[in-house]
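The values are calculated or read from the model by the stated rules, or taken from the named source; none is laboratory data. Please read all numbers here as calculations on a predicted model, not as lab measurements. All Cβ positions, even for glycine, are placed from backbone atoms using ideal geometry, and neighbour counts span all protein chains on display.
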Amino acid sequence: MTKNKFAPITGSVMPRFAGIATLMRLPLMGLDDADIGEVEIGLVGVPWDGGTTNRPGARHGPRQVRDLSTMIRNVNRASGINPFALCNCADLGDTPVNPADLMDSMGRIEAFFHRVCDANIAPLSIGGDHLVTLPIMRALAKNGPIGMVHFDAHTDTWDGYFGGFKYTHGTPFRRAVEEGLLDPKRTVQIGIRGALYNDAEDTWGQQQGIRVIDIDEFHRMGIDAVMAEARRVVGDGQTYVSFDVDALDPVYAPGTGTPEIGGLTTLEAQQMVRALRGLHLVGGDVVEVSPPFDPSGNTAMVAATMAFEILCVLADSLRSRSPRV
Ligand code: MN
Ligand code: MN
């Protein structure tokens, strides 16, 4: 058996603290590389927090997650999935951004993901604030609206901020529905909680048909019933997984811009992502890690591990749809 050039550098050869940090110790590749056509899943950093309305810092997320993701090993103990044996994975580096211009940044990010999708690479992205999911979806949903399993404390379906400005990390999924990228009837939001500006502000998504499972309903239902409901909602069509680390309780993920107490545990989140196995997954992201609020690095470690959980079900989904010849 020939050596797989897409295998992560093992910690039993090069210690995990040594060498250049790439996402999950994968090879770093550029979209212009000659062998980019062999990549099936691309891990991408989006170092941008221009959509942040409160505490910033998520622009530093990809670099910190790269560092902590060197902790990740190959095989998921719970599911037995080794995503690196199933699919060729690579770190595609960071997207271009313009930290001084929000609209220009969204264009640059979208252009990068068009190239990723045109190369038939499924993206697994590390944010960045949650607005980055909008340009990713613009590239991913070019053949019609996709479904989504969305873990978050917030619905991110507000209309506008600061006098009606439409593009912040609180608005991406309203825009995605309006632009025909996201099918609201195939969207489920899990972990929603926290106080509102007013009692009517958060109903738009439900009026569109989004299934909102707030944290109280989550606890009444239990994980198995929640995930059966999530699978029913998204069905067998193309589905994206978006994981905002503030879905987790701030005791697990304090390093984020908009923490809300009373959230998910890391184990609950892991078990829910594992329950996505068998869906038609086309990509995912982990967003809103803000290293300036994460002095221990724990939030970045949690985000790297959740990205690994998503990678496992994504790789399993890709491989089951197109078996290796
Ligand atoms: Mn969010
Ligand atoms: Mn959030």
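Here the stretch 230-249 is the region considered, the condition is being part of a loop (DSSP other than H, G, I, E, B) and either of a type in the set (D, E, K, R) or buried (at least 19 other Cβ atoms within 10 Å of the Cβ) (or both), and the residue that is farthest from ligand 2 (Cβ to nearest atom) is Asp236. Among the residues of the stretch 1-58, those that are in contact with a Pro (Cβ under 7 Å, 6 or more places away or on another chain), charged (D, E, K, R) and at negative phi comprise Lys5, Asp49.
For the stretch 10-37, filtered to residues that are outside any loop (DSSP other than H, G, I, E, B) and of a type outside the set (A, V, I, L, M, F, W, C), the residue that is farthest from Asn82 (Cα to Cα) is Gly37.
Results for (1) crowded, with 19+ Cβ neighbours inside 10 Å; (2) polar (S, T, N, Q); (3) farther than 21 Å from Met272 by Cβ, shown as yes or no for each residue.
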position	(1), (2), (3)
Arg59	yes, no, yes
Pro62	yes, no, yes
Asp67	no, no, yes
Val75	no, no, no
Ala85	no, no, yes
Cys89	yes, no, yes
Leu92	yes, no, yes
Thr95	yes, yes, yes
Asn98	no, yes, yes
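Considering only residues in the stretch 144-165 that are closer than 27 Å to Asp118 by Cβ and free of Cβ contacts under 8 Å to residues at least 60 places away in the same chain, the one that is nearest to ligand 2 (Cβ to nearest atom) turns out to be Pro145.
Sort out for me the helices (runs of 4 or more DSSP H) sitting completely within the stretch 90-204 that have 1 or more residues that are of a type outside the set (Val, Ile, Thr) and within 13 Å of ligand 1 (Cβ to nearest atom). Before the answer, list the steps.
Numbers: elements: 102-118, 133-140, 172-178.
Hits in the stretch 90-204: 133-140, 172-178.
Among residues of the stretch 122-133 that are more than 15 Å from Ala303 (Cβ to Cβ), those with a Cβ under 6 angstrom from a residue that is within 11 Å of ligand 2 (Cβ to nearest atom) and at pLDDT 95 or above, sequence gap 6+ or separate chain, pair up as Leu131/His169; Leu131/Pro172.
Here's the yes/no breakdown for (1) among the aromatic types (Phe, Trp, Tyr); (2) closer than 26 Å to Asp316 by Cβ; (3) over 18 Å from the mean Cα position of the chain (by Cα); (4) at pLDDT 95 or above:
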position: Arg73; (1), (2), (3), (4): no, yes, yes, yes
position: Gly93; (1), (2), (3), (4): no, yes, no, yes
position: Pro99; (1), (2), (3), (4): no, no, yes, yes
position: Ser105; (1), (2), (3), (4): no, no, yes, yes
